[in-house]
1. Being outside the structural domain of L126 (by TED's automatic domain parsing) and surrounded by 12 or more Cβ atoms within 10 Å (Cβ to Cβ) narrows it down to one of T53, T76, so name that one.
2. Working only within segment 34-45, note down all residues that are buried (at least 17 other Cβ atoms within 10 Å of the Cβ) and over 11 Å from the mean Cα position of the chain (by Cα).
3. Which ones in segment 10-23 are part of a strand (DSSP E or B) and without any contact (Cβ under 8 Å) to a residue 12 or more places away in the chain?
4. Give the residue that is nearest to the chain's Cα centre (by Cα), with candidates limited to residues of segment 83-110 that are surrounded by 10 or more Cβ atoms within 10 Å (Cβ to Cβ) and not in a strand (DSSP E or B).
5. Would you point out which residue out of L69, L50 is in contact with a strand residue (DSSP E or B) (Cβ under 7 Å, 6 or more places away or on another chain), in contact (Cβ under 8 Å) with a residue 40 or more places away in the chain and closer than 22 Å to N3 by Cβ?
6. Which is part of a strand (DSSP E or B) and hydroxyl-bearing (S, T, Y), of S78, S54?
7. Mind listing just one residue for me: the one in segment 1-28 that is surrounded by 10 or more Cβ atoms within 10 Å (Cβ to Cβ) and charged (D, E, K, R) and, of those, modelled with the highest pLDDT?
Amino acid sequence: MPNMADITVKKFDGTTDIVYVALSPSAGDKTPAQWRVEAIGTVPGNRPTLAVTSRYSVDRQARVVEGKLLYPETFTDSTTGIVATRLRESFSFTHIIRQDAADATTKELSAQAGNLLKSPLIQSVLLTGFAPS
């Protein structure tokens with residue numbers, strides 16, 4: 001099992017680092033590990049968050065890992081000066097790890113999934129909201 005830690009990723013510009021700060025580790029199955037970007041905004045509720053949970057499948061033949069990234073869009077109310085959230089965009093993932101799969105298969109799937117999400121084509125799909133035609 002991995003140890004809880006901060007996660008550093010590149011922003012859209014491909015150069016600037018953004019850090020998802022470790023807030024709380026998972027206490028076990030079905031309880032999320034949680035991260036938040038502390039460098040954005042002045043109100044914790046208006047910052048990007050990531051939550052990841054894990055559990056056994058119903059038949060206990062697989063581990064299920066689920067994650068959800070929430071990214072708020074904020075604005076400053078011109079009348080009150082209060083920063084508020086207009087909406088929260090989200091990204092979710094589910095990874096099902098069969099307990100009878102070879103370690104090499106799980107490693108390869110995990111690596112390729114992460115790298116596909118970083119590929120220019122899939123980045124473009126996520127940015128535009130349209131599948132390639």
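The values are calculated or read from the model by the stated rules, or taken from the named source; none is laboratory data. Given the structure is predicted, the values throughout are model-derived calculations rather than measurements. Cβ: placed from backbone, ideal geometry, glycine included. Neighbour counts: every protein chain shown.
1. Within the list T53, T76, the selection yields T53.
2. Passing the criteria: only V37.
3. Step one: filter segment 10-23 for residues part of a strand (DSSP E or B), giving 10, 17-23.
Result: K10, D17.
4. Checking each candidate, the answer is S110.
5. That would be L50, the only listed residue that is in contact with a strand residue (DSSP E or B) (Cβ under 7 Å, 6 or more places away or on another chain), in contact (Cβ under 8 Å) with a residue 40 or more places away in the chain and closer than 22 Å to N3 by Cβ.
6. Testing whether each residue is part of a strand (DSSP E or B) and hydroxyl-bearing (S, T, Y) leaves just S54.
7. Residue satisfying both the conditions and the ranking: D6.
For every residue, the table says whether it meets (1) modelled with pLDDT of 95 or more; (2) assigned by TED's automatic domain parsing to the domain that holds T16; (3) of a type in the set (A, V, I, L, M, F, W, C); (4) out of contact with any Asp or Glu (no Cβ under 7 Å at 6 or more places or on another chain).
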site	(1), (2), (3), (4)
R36	yes, yes, no, yes
D59	yes, yes, no, yes
A62	yes, yes, yes, yes
I82	no, yes, yes, yes
R86	no, yes, no, no
